[in-house]
Amino acid sequence: MIESANKGLAGLRVAVAVPVKGTFTYTTPDNLAGLVRAGYRVLVPFKGRHVTGYVLETDREPAERPVKDIIDILDLEPVFLPHMVPFLKWISTYYLCPIGMVLKAVVPESRYKTATLTDKGEEIVKGRLFSTQETEILSWIRAHPEKRLPWPLKKIYPLKEKGWVQVHNRSSKKGPAPLGLLKFVTPEKGCSLSEALAKISGRSKARNEAAFLTRIFDAGALSIKALEADFQNGRYLIRKWTRKGVLKVESVPVHRPHRQPDIFLPPSPHPLNRDQQKVLEEIKTALDQGVFSPFLLYGVTGSGKTEVYYRAVEHALRAGRRAILMAPEISLAMYLEGLFRLRLGDRVAIYHSGLTQREKEYQWRRMSKGEADVVIGARSALFSPVPELGLIIVDEEHDTAYAQEEDAHGGPRYHARDSAVVRAREENAVVVLGSGTPSVQSFENSLTGRYALLTMPHRVENRPLPEVEIVDMKASASGRGMDGMISDRLQACLAQNLMAGHQAILFLNRRGFHRVYLCRSCGEATRCPNCDVSLTHHLTEDRLLCHYCGFHCSTDLKCTFCGHGRLRGYGFGTQRLEKEVQSLFPEARVSRMDTDSTSRKGTACKILNAFSHREVDILVGTQMITKGYDFPGVTLVGIVSADLSLAFPDFRAGERTFQLLSQVSGRAGRGSVQGRVLVQTHNPSHYAILTATNHDYLSFFHQEKTLRKQLAYPPFSHLACLKFQGNHKEKTERTVHDVHEMLMRMVKNQSGGGSLIRVLGPVEAPIFRIKGKYRWQILIKCRRVSLLGQLLQELEERSKRALGATGVQLIFDMDPYQMT
């Protein structure tokens with residue numbers, strides 16, 4: 001290819017899937033002319049290699065300088081919608097991630113392509129009415145319907161455009177395999193059953209051939225697997241009659257239906273109360289106007305937000321628009337999927353990281369083709385290619401799970417809630433942020449007019465909020481159970497609750513059995529060799545595990561500090577709490593729900609299913625059980641240690657504590673019996689705990705707002721965290737200080753920067769070493785987000801020289817939510 005020959009041709013703006021900023025211009029070769037459009041994934045030459053690219057737009061103006069051709073098309077249809085490009089560009093700019101890497105992270109990748117012949121293709125093969133190259137390709141496809149195509153798609157597309165072949169996406173990863181169907185060639189293009197039976201003659205005739213052909217003819221189509229199972233010589237007969245042109249094989253992509261969590265769902269929707277009707281009318285009015293409208297829906301736990309979500313989605317669908325509903329956890333997304341699918345059937349799509357690669361591709365294609373009206377999922381559902389998007393709902397908008405902290409593929413560190421507001425703005429959609437404990441940032445936005453505030457202050461059917469009792473663990477005796485996990489008061493309430501035939505939830509936001517393993521000789525804790533954290537004892541596997549890098553070892557070891565073997569576990573987690581509850585109440589049916597017990601696919605649904613059908617009396621769990629589930633049988637919630645989240649090195653520690661306590665308390669008393677909540681704490685006078693036990697969000701908000709304003713934390717400033725990590729301790733420290741000096745010079749030269757920007761650090765990260773890498777942080781506060789963005793982009797360019805060949809990685813984390 002001569003590049004200069006392409007000067008003056010219309011170009012394609014392509015984002016490449018490599019960590020390089022900007023987009024690049026390519027041209028379309030003649031054999032792909034008219035086939036490439038915005039939204040397509042293509043193969044392009046880039047710096048001496050072939051890489052994946054994403055076509056963002058087609059330039060109407062011809063290229064001013066010589067450019068290269070694209071090599072091939074990688075998909076049969078667009079993998080993202082062209083009107084999403086402004087939103088994707090915003091993600092790229094705001095979170096400092098190349099747009100090609102954004103697309104690589106969010107678009108499921110098809111691993112390879114296969115092809116099958118159409119009826120027209122079979123007819124062409126039979127008549128041999130084509131060129132030598134077409135003969136080779138079609139004959140190969142006929143003989144290998146499930147094999148990877150050995151030619152680039154640009155050679156296959158002309159055959160597809162003529163209607164001779166169908167091309168299919170395939171994935172090498174696990175998932176439901178495509179179904180091979182065997183059919184008769186239709187009489188007008190082949191032969192009838194009688195003609196086929198007449199061909200059975202001579203010594204080649206098998207005893208069961210007539211039955212074999214009759215079976216297929218009567219059924220219309222049968223799977224190859226079924227025929228091979230029913231006919232001992234089925235494989236031979238299939239091969240024989242397909243070669244004769246009597247039968248043909250069709251490859252049908254199979255979607256394994258996503259198993260729905262059979263969790264308690266109301267048999268019919270409750271009539272809306274006055275609060276719900278008022279909120280719904282506000283949302284419906286905004287939907288009818290068809291303009292960007294952001295809402296914050298503040299409804300106490302049990303106020304019926306989910307029913308409002310459904311009615312709003314229903315209204316959007318009647319208006320010819322579609323919706324995205326996001327939940328912070330996969331298990332909650334599946335719960336909501338079951339509820340919506342019960343009413344909307346197959347109009348619902350599900351999308352989250354728990355799906356297999358094939359399931360993701362299937363759902364993605366459904367969405368892009370407009371075959372799904374509602375998409376339900378976790379944070380990745382935000383990028384769903386939904387045409388005519390009219391409504392985005394972010395349930396439990398306060399949840400920190402909406403923050404994408406790390407991406408193995410180099411994707412953006414983004415916040416799905418904030419990004420949802422931007423996507424709604426770009427597509428003139430309505431966005432509803434719902435929560436029973438709104439984030440301080442969102443509630444402040446509603447007070448300043450950025451969001452419209454909707455409130456539902458009462459539970460459905462005027463059910464009372466649960467009674468909350470504080471158990472001061474300092475004043476309490478040592479408490480029954482090991483290390484005072486369960487106080488006398490909580491044990492008595494559990495016994496009373498079991499006797500009444502009700503269910504209970506015990507919340508402890510800490511995994512494992514023993515929190516630390518200490519040497520009784522020197523007092524040192526057994527630590528991870530790769531991270532600056534203690535190892536946690538897990539009883540089920542009887543091993544010590546690092547929750548950061550995955551390192552594990554046996555409990556039969558000696559102290560690495562003094563060499564003695566007198567080690568013992570201290571502290572407790574959900575495993576130990578479960579065991580203690582079983583010991584105290586041997587007659588009770590106890591289950592546990594945390595990331596350890598739900599690591600296998602489908603386990604979380606089984607646990608929730610058993611609990612909803614009252615096959616479990618006491619459910620022990622971490623924050624996974626604090627989400628928006630509705631279990632009417634739960635009348636008691638025990639918060640085993642309310643202080644854990646207060647110790648986090650984060651300015652949001654108080655907010656997280658309030659939200660966790662309020663959310664888990666909200667699981668109690670959703671049926672006909674009023675609920676009770678016992679809060680065990682060593683800090684009974686802390687404002688976050690007091691306001692949570694009093695169900696007083698406004699008091700918490702005003703106290704938290706005052707503290708944030710004094711310290712200039714969000715929502716009164718914008719934050720960025722510069723995170724450094726390197727393999728060598730001294731080299732990492734030197735590099736961090738070099739970048740810090742550069743940053744301070746830049747701030748000093750900024751117009752007004754001294755008063756608007758404040759730099760904190762550099763300091764060692766709270767966990768100094770993770771996975772063998774030494775970690776440092778610099779925190780930047782800025783009153784103007786535009787100024788902060790400019791500063792970070794300039795620093796990103798200048799710091800490349802300082803980082804050089806040091807091997808130190810610099811990560812820009814905009815609006816950070818994890819400060820560890």
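The values are calculated or read from the model by the stated rules, or taken from the named source; none is laboratory data. Quick caveat: nothing in here was measured; it's all calculated off a predicted structure. As a convention, Cβ positions derive from the backbone with ideal geometry for all residues, glycine included, and neighbour counts pool all protein chains shown. Just so you know, the surface numbers come from the protein's heavy atoms only, side chains and all, with ligands and any DNA or RNA stripped out. Shrake-Rupley method; radii C 1.70, N 1.55, O 1.52, S 1.80 Å.
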Assign one of three labels to the stretch 703-779, namely rounded, prolate or oblate, based on the Cα gyration tensor with a ≥ b ≥ c the square roots of its eigenvalues; rounded applies when a/c is under 1.5, prolate when it is not and a/b is larger than b/c, and oblate otherwise. oblate
What FRET efficiency, computed as 1/(1 + (r/R0)^6) with R0 = 56 Å and r the Cβ-Cβ distance, is obtained for K474 and N428, rounded to the nearest 0.05? 0.50
Separation between the K89 and E541 pseudo-spin-labels, each 7 Å from Cα along Cα→Cβ, expressed in nm? 4.7
Solvent-accessible area of H458, probe 1.4 Å, all protein chains present, reported in Å² to the nearest ten, please. 100
Applying 1/(1 + (r/R0)^6) with R0 = 30 Å to the Cβ-Cβ distance of A221 and D30, what FRET efficiency is obtained, to the nearest 0.05? 0.15
Just tell me which lysines come within less than 19 Å, Cα to Cα, of K305; anything on the same chain fewer than 8 places away is out. K278, K284, K627
Order 667-675, 314-322 from most to least packed using the mean count of other Cβ atoms within 10 Å. 667-675, 314-322
Zone reached by a paramagnetic label modelled 7 Å from E281 Cα along Cα→Cβ, restricted to the stretch 294-329 with backbone N below 11 Å, covers none
Extension gain from L447 to W140, taking 0.36 nm per residue of separation minus the Cα-Cα distance: 103.9 nm
About the Cα centre of the chain, how large is the charge dipole given +1 on each Lys and Arg Cβ and -1 on each Asp and Glu Cβ? Please answer in debye to the nearest 20. 2280
Yeah, the stretch 755-820 with a ≥ b ≥ c from its alpha-carbon gyration tensor (a/c under 1.5 is rounded, else prolate when a/b outruns b/c, oblate otherwise) is oblate
For the chain, take the longest principal axis of its alpha carbons; what is the angle in degrees between that and the long axis of helix 209-219, to the nearest 10 within 0 to 90? 60
Simple spin-label estimate for N462/R734, 7 Å along Cα→Cβ, in nm, reads 7.4
At 222 nm, what helix-only mean residue ellipticity would the chain give, in deg cm²/dmol to the nearest 500, using -39500 (n - 2.57) for each DSSP H run of four or more? -10000 deg cm²/dmol
In debye to the nearest 20, the charge dipole size for the stretch 320-430, taken about the Cα centre with +1 at each Lys and Arg Cβ and -1 at each Asp and Glu Cβ, equals 460
Specify which residue in the list L719, T622, G638 is farthest towards the positive end of the charge dipole of the stretch 610-731, using unit charges on the beta carbon of Lys, Arg (+1) and Asp, Glu (-1), about the Cα centre. L719
Whichever lysines have a C-alpha closer than 17 Å to that of K244, once near sequence neighbours (fewer than 8 apart) are set aside: K120, K126, K183, K189, K199, K205
Antiparallel as a % of all DSSP beta bridges within the chain, to the nearest 5? 55
Among I376, I156, A33, which residue has its Cα positioned farthest towards the positive end of the charge dipole of the chain, with +1 placed on the Cβ of Lys and Arg, -1 on the Cβ of Asp and Glu, and the dipole taken about the Cα centre? I156
Rounded Å value of the spacing that divides the Cα centres of the stretch 675-724 and the stretch 407-451: 20
Compute the Cα gyration tensor for the stretch 258-416, then decide on rounded, prolate or oblate, letting a ≥ b ≥ c be the square roots of its eigenvalues: rounded whenever a/c is under 1.5, prolate when a/b is larger than b/c in the other cases, and oblate in all that remain. rounded
Semi-axes of the stretch 302-395's equivalent ellipsoid from the Cα gyration tensor, sqrt of 5 times each eigenvalue, largest first, rounded to whole Å? 19, 16, 11
Pulled fully out, how much extra length does the chain show between E57 and Q818, if you take 0.36 nm times their separation in residues and subtract their Cα-Cα distance? 270.4 nm
Computed from the beta carbon distance with a Förster radius of 22 Å, FRET efficiency for R489 and R568 to the nearest 0.05 stands at 0.20
Accessible area per residue for the chain in Å², computed with a 1.4 Å probe and the full protein assembly in place, what is it? 44
Run the dipole for the stretch 345-493 about the Cα centre, Lys and Arg Cβ at +1, Asp and Glu Cβ at -1, nothing else charged, and hand back the magnitude in debye, nearest 20. 200
A588 paired with M499, simple spin-label distance in nm, labels 7 Å along Cα-to-beta-carbon: 1.4
Under 28 Å Cα to Cα from K748, which lysines show up? Leave out anything in the same chain fewer than 8 places away. K21, K709, K723, K731, K781, K800
Part-to-part distance (alpha-carbon centres) for the stretch 345-365 and the stretch 536-556, which is given in Å: 34
Which loop trypsin sites (Lys or Arg not before Pro) in the stretch 736-820, with loop taken from DSSP, have no more than 15 other Cβ atoms within 10 angstrom of their Cβ? K771, R783, R784
Note the full-extension length gain between H270 and F292 as 0.36 nm times their separation in residues minus their Cα-Cα distance, in nm to one decimal. 5.0 nm
Structure shown: which of K155/K369; K360/K601; K113/K240 lie over 18 Å apart, alpha-carbon to alpha-carbon? K155/K369; K113/K240
